[in-house]
Amino acid sequence: MGREEYVVTGVNWKGSGYMPSGLRSVAVVGLGFIGLPLALSYAMEGVQVVGVDVDESVLGRINRGETHLQESYNGTPIDEILARETASGRFRTTCDYAEAAAHTDTYLVTVGIPVNGGEVDMSPLDRSVESLGRVLKPGDLAIFRSTLVPGTTRERILPALERLSGLRCGSDFHLAYSSERIAEGRAFQEFREMPLAVGGIDVASTERAREVLSVVTTAEITPSDIETVETSKILENLQRDINIAIAQEFAALSDALQIDTYELIRVANTHRRVDLLKPGPGVGGYCLPYALHYLTPKMRQLGLDLPLALLARDINQGTPLRIVDRLETLLGEQGRTLDSARIALLGLAMKDYSSDDRESPALEIGAEIVRRGGRLRAFDPVIPDGRPFTCDSLEEALEESHAMILAARQACFDEVDWASALECMADRPVIMDTRRMLDCVTLRPDARVWRI
Ligand SMILES: NC(=O)c1ccc[n+]([C@@H]2O[C@H](COP(=O)([O-])OP(=O)(O)OC[C@H]3O[C@@H](n4cnc5c(N)ncnc54)[C@H](O)[C@@H]3O)[C@@H](O)[C@H]2O)c1
């Protein structure tokens, strides 16, 4: 069994130790932020895992033992886990669904639904369902873990799988949906500890899916019907989007009142029934910004409106622009204009300590600065560069800059001696800390410091 190998600083990999009698192998379809650590989590439990992805560059990177994910388990980085599980023979990859099908009867699908211009793009999921349908065998189980537009499993996936396989769902193969709830950066831990919900197309599908999920998950698994589990996932994300919008609005209020936002939240949260979230430079990633868009097709179909969720989305989407508005005001107070200023933007990830820059508010801030004529140099050590405004080091970004915006924390930023690092900025600089990273740093007396 793999988990005995995960003895790190005296802490054992505490696998659930649960192995349904039939589960020898599993195919994890889609090897991205969710799929790769999920696949490795099964391998760590001793399951033979074949990871399926259609992107040759993703497969190439994984086969070279590289990942760009900021994940670890008990101090063991994901690259090391990948190396161990590959060497053990428990984990391998393929781009060929037929090859996966030859080795397993259980599929966990993590292929996502992108959103382009507010419209959902079902094509990656459709293609994956098509490929799966062509290789599905009697006795197989497919569990979809992607975040789906409510109704997708029963109305879209089921008929496609039946049509392509010539098999009957329920009698010939099993189908279930279980949303994925982990937060990037805590994947290995949360795959184990985050409670799940699961809905099957019938009782046998639900039960079999629950057993497969239990191999990694030690937390409670709540059975329900598929549509409830699909919709619950969207509402879980929507609720967080709305709560963050509330925090952003309160932050704007406390800024105007010249009250420290974090202190205000700390005090308010001493009330046992209040739980304010922390504000920031915006909301990024796939999950929260896309939640509302995943509901839009159903809302249109049913003639429904969700004004609160729409307003929250507007507030969150507008936050990066408001940060740039604030930057312009602060520069003005220092006698400068944005279009003549050099701006350092530090951290491009969609959240702290992440390598994910999808829908990143930091990138929105950067794009808006450029749009308004600012000279931008951005630095993030873990986000792949290739954008015209990125540079190779913190020093290069800060050198002679008139303003600095800290938009996402990264581990290496924690090691920086900020008081000295900021010395190379121009006179009377603006320092905007949207992540409250510099609270304990004595900053230069000539700086105009703004903390969210
Ligand atoms: N990232 C998160 O924190 C998170 C958290 C909870 C839920 N989710 C959900 O999980 C799902 C996956 O998210 P992700 O962040 O891992 O996405 P991702 O884009 O990182 O990974 C998806 C992978 O699927 C692959 N793929 C695309 N089409 C394919 C096909 N036809 N066959 C096989 N592979 C294919 C892509 O190449 C990619 O590697 C999404 O539905 C997302 O909403 C994500």
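The values are calculated or read from the model by the stated rules, or taken from the named source; none is laboratory data. Since we're looking at a predicted model, the values are computed, not measured. Positions of Cβ are backbone-derived with ideal geometry, glycine not excepted, and every protein chain shown enters the neighbour counts. When the accessible area is computed, the model is the full protein with side chains, heavy atoms only, and any ligands, DNA or RNA have been set aside. Shrake-Rupley method; radii C 1.70, N 1.55, O 1.52, S 1.80 Å.
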Worksheet item: For the stretch 278-307, what are the residues that are within 30 Å of residue 353 (Cβ to Cβ) and in a helix (DSSP H, G or I)?
Response: 287, 288, 289, 290, 291, 292, 293, 294, 295
Worksheet item: Yes or no: residue 210 within 27 Å of residue 153 (Cβ to Cβ) and without any contact (Cβ under 8 Å) to a residue 24 or more places away in the chain?
Response: yes
Worksheet item: Which of the residues spanning the stretch 41-56 are in a helix (DSSP H, G or I) and within 13 Å of the ligand (Cβ to nearest atom)?
Response: 56
Worksheet item: What is the residue count in the stretch 254-295 for residues that are within 23 Å of residue 238 (Cβ to Cβ) and open to solvent by 30 Å² or more (accessible area, probe 1.4 Å)?
Response: 11
Response to the item:
In the stretch 165-194, anything within 13 Å of the ligand (Cβ to nearest atom) and either in contact with a Lys or Arg (Cβ under 6 Å, 6 or more places away or on another chain) or among the hydroxyl-bearing types (Ser, Thr, Tyr) (or both) is listed as 177, 178, 179, 180, 194
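What about residue 160, is it within 16 Å of the ligand (Cβ to nearest atom), within 25 Å of the chain's Cα centre (by Cα), under 30 Å from residue 238 (Cβ atoms) and open to solvent by less than 20 Å² (accessible area, probe 1.4 Å)?
Working: within 16 Å of the ligand (Cβ to nearest atom): yes; within 25 Å of the chain's Cα centre (by Cα): no; under 30 Å from residue 238 (Cβ atoms): yes; open to solvent by less than 20 Å² (accessible area, probe 1.4 Å): yes.
No; evaluated as a whole, the condition is false for this residue.
Which one is nearest to the ligand (Cβ to nearest atom), of the residues in the stretch 113-130 that are open to solvent by 30 Å² or more (accessible area, probe 1.4 Å) and part of a loop (DSSP other than H, G, I, E, B)? Please lay out each step first, then the result.
So the first thing to find is which residues in the stretch 113-130 are open to solvent by 30 Å² or more (accessible area, probe 1.4 Å), and the list is 116-117, 119-121, 123-124, 126-127, 130.
Narrowing the set further to residues that are part of a loop (DSSP other than H, G, I, E, B) leaves 117, 121.
Values: 117: 18, 121: 11 Å.
It comes out as 121.
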Discussion item. Scan the stretch 311-334 and tell me whether some residue there is in the same structural domain as residue 433 (by TED's automatic domain parsing) and part of a loop (DSSP other than H, G, I, E, B).
Written reply: yes
Discussion item. Give all pairs with beta carbons closer than 7 Å in which a residue from the stretch 131-152 that is hydrophobic (A, V, I, L, M, F, W, C) meets a residue that is open to solvent by 20 Å² or more (accessible area, probe 1.4 Å) and not in a helix (DSSP H, G or I); count only pairs at least 6 apart in sequence or on separate chains.
Written reply: 136/167; 141/105; 141/174; 149/120
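In this structure, does residue 222 turn out to be modelled with pLDDT of 95 or more and within 15 Å of the ligand (Cβ to nearest atom)? First the steps, then the outcome.
On the way: modelled with pLDDT of 95 or more: yes; within 15 Å of the ligand (Cβ to nearest atom): no.
Against the criterion (modelled with pLDDT of 95 or more and within 15 Å of the ligand (Cβ to nearest atom)), residue 222 does not qualify.
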Worksheet entry | Filter result for residue 100 (part of a strand (DSSP E or B), buried (at least 24 other Cβ atoms within 10 Å of the Cβ) and aliphatic (A, V, I, L, M)) | no
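Being surrounded by fewer than 24 Cβ atoms within 10 Å (Cβ to Cβ) and under 19 Å from residue 336 (Cα atoms) is the filter here; which residues of the stretch 358-373 pass it?
As a first pass, look at the stretch 358-373 and keep what is surrounded by fewer than 24 Cβ atoms within 10 Å (Cβ to Cβ): 358-359, 364, 367-368, 370-373.
Matches in the stretch 358-373: 368, 370, 371, 372, 373.
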Worksheet, complete the sentence: When (1) within 11 Å of the ligand (Cβ to nearest atom); (2) on the phi > 0 side of the Ramachandran plot; (3) not charged (D, E, K, R) are applied to residue 146, the one that fails is (2)
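Looking at 313, 300 in this structure, which one is open to solvent by less than 60 Å² (accessible area, probe 1.4 Å), basic (Lys, Arg) and either farther than 24 Å from residue 388 by Cβ or at pLDDT 95 or above (or both)? Lay out the reasoning, then the answer.
On the way: 300 fails: open to solvent by less than 60 Å² (accessible area, probe 1.4 Å).
Of 313, 300, the one residue that is open to solvent by less than 60 Å² (accessible area, probe 1.4 Å), basic (Lys, Arg) and either farther than 24 Å from residue 388 by Cβ or at pLDDT 95 or above (or both) is 313.
State the number of residues belonging to the stretch 11-40 that are modelled with pLDDT under 65 and either within 12 Å of the ligand (Cβ to nearest atom) or open to solvent by less than 40 Å² (accessible area, probe 1.4 Å) (or both). Write out each step before concluding.
From the stretch 11-40, those modelled with pLDDT under 65 are 11-21; that's our starting set.
Those still in the list that are either within 12 Å of the ligand (Cβ to nearest atom) or open to solvent by less than 40 Å² (accessible area, probe 1.4 Å) (or both) too: 13, 15-16, 20.
Of the residues in that region, 4 qualify.
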Worksheet item: within 13 Å of residue 141 (Cα to Cα) and either of a type in the set (Ser, Thr, Tyr) or touching a Leu at 6+ places or on another chain (Cβ under 8 Å) (or both) - does that describe any residue in the stretch 196-203?
Response: yes
